[in-house]
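Please read the structure below before turning to the comments.
The values are calculated or read from the model by the stated rules, or taken from the named source; none is laboratory data. Quick caveat: nothing in here was measured; it's all calculated off a predicted structure. When we count neighbours, we look across all protein chains shown, and the Cβ atoms used for this are built from the backbone with ideal geometry, even at glycine. The accessibility values were calculated without ligands, DNA or RNA, using every heavy atom of the protein model including side chains. Shrake-Rupley method; radii C 1.70, N 1.55, O 1.52, S 1.80 Å.
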Amino acid sequence: SESLSSISEDMSMAAENVTQAVQSIADGTASQAKELEDIAVITGVFGEHLESMVSAIEEINVNSNEIGIMANESSANMNRLSKSISEIELVSNKNTEAMSVLGNKVEKINEISNVINGIASQTNLLALNASNDKSLFVALP
């Protein structure tokens, strides 16, 4: 009976040790579960931040593509503008040449007009002289 009592005490102590060990494992498991929940929350927040970053990067990519398109259009517009300016310069140079030629022709016309005016003046003098001569000739008996 003593041996039974001793075995019973040993089994009781062993059961108590097992109970304490199971309780310790349960506490550890609960602690780990809480830490896993915290990790899951942190991972969720991290995932949301990543999604936000991916969205921002996609928006930057779209904006970058639009800027590239606008830059190409601007470059094409600048090329057309440059071509137009070159054409305007060519027309302006032709107009300058034409004005120079016109100025030379106006000078020649002025010279011819001066010659004609000189001839007209001399013709008027001759007509006046002829009129005077006629008056003198008529006045003679």
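For the range 116-138, state whether one or more residues are open to solvent by 100 Å² or more (accessible area, probe 1.4 Å), within 46 Å of the chain's Cα centre (by Cα) and aromatic (Phe, Trp, Tyr). No, there is no match, as no residue in the range 116-138 is open to solvent by 100 Å² or more (accessible area, probe 1.4 Å), within 46 Å of the chain's Cα centre (by Cα) and aromatic (Phe, Trp, Tyr).
So the check is Cβ under 7 Å with 6+ separation or different chains; which pairs have a first residue in the range 102-131 that's among the hydrophobic types (A, V, I, L, M, F, W, C) and in a helix (DSSP H, G or I) and a second one that's at pLDDT 95 or above and open to solvent by less than 100 Å² (accessible area, probe 1.4 Å)? As it stands, the answer is none, since no pair meets every condition given. May I ask you to verify whether Gly44 is under 60 Å from the mean Cα position of the chain (by Cα) and either at negative phi or not β-branched (Val, Ile, Thr) (or both)? Against the criterion (under 60 Å from the mean Cα position of the chain (by Cα) and either at negative phi or not β-branched (Val, Ile, Thr) (or both)), Gly44 qualifies.
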